[in-house]
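The values are calculated or read from the model by the stated rules, or taken from the named source; none is laboratory data. Here the structure is a predicted model, which is why all the values come from computation and not from measurement. A quick note on method: Cβ atoms are made from the backbone with ideal geometry, for glycine too, and the neighbour counts reach across all protein chains shown.
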Amino acid sequence: MSRRAMEQPRRITDSFPRRRGPRRPPGRLKNKKDEDKDKDKAQLKVRDCPRAPSQPPPDPALMEMLRRFDLSWEYGPCTGITRLQRWERAQELGLSPPGPIRDALLEHRDNPDVTYSLWHEYEL
């Protein structure tokens, strides 16, 4: 029998290097402490977002309209830019973004919940 026939069959995953996390050895599942640390890190990033203390929360209907704008891929990607920048880019490209979105963004320009897209808390 040839040596090649005795080898294990190759898998597509054999071509890619395996990434190993710095916290846990391979084959070990996350424990409750690791999950709690991850939650604390995520909450810390949300808290780091600048917010004026006197701002009332935005209207839920407005936030739903902005969420739909974020999820509408016809106006291009929205990571790394503000909603207004995305609206202006779409306008320059002739994509006809909705006018009420721009009006709302200009009206609530100082509110980070309105200014930034759904994914602004995530790193690029």
Looking at (1) exposed (fewer than 12 other Cβ atoms within 10 Å of the Cβ); (2) touching a Lys or Arg at 6+ places or on another chain (Cβ under 7 Å), which is the one condition that is false for residue 118? (1)
Give me the pairs, please: first residue somewhere in the stretch 52-64 and closer than 11 Å to residue 113 by Cβ, second residue anywhere and loosely packed, with under 12 Cβ neighbours inside 10 Å and modelled with pLDDT under 85, beta-carbon distance under 9 Å, and either six or more positions apart or on two chains. 63/57
For the stretch 77-123, how many residues meet the condition of being not β-branched (Val, Ile, Thr) and not in a helix (DSSP H, G or I)? 21
All but one of (1) in contact with a helix residue (DSSP H, G or I) (Cβ under 7 Å, 6 or more places away or on another chain); (2) part of a helix (DSSP H, G or I); (3) of a type outside the set (Gly, Ala, Ser) hold for residue 74, so report the exception by its number. (1)
Within the set of pairs 6+ apart or on separate chains, which have a first residue in the stretch 81-105 that is more than 17 Å from residue 58 (Cβ to Cβ), a second that is hydrophobic (A, V, I, L, M, F, W, C) and not in a helix (DSSP H, G or I), and C-beta atoms under 6 Å apart? 86/78
In the set 103, 48, which member is surrounded by fewer than 11 Cβ atoms within 10 Å (Cβ to Cβ) and modelled with pLDDT of 60 or more? 103
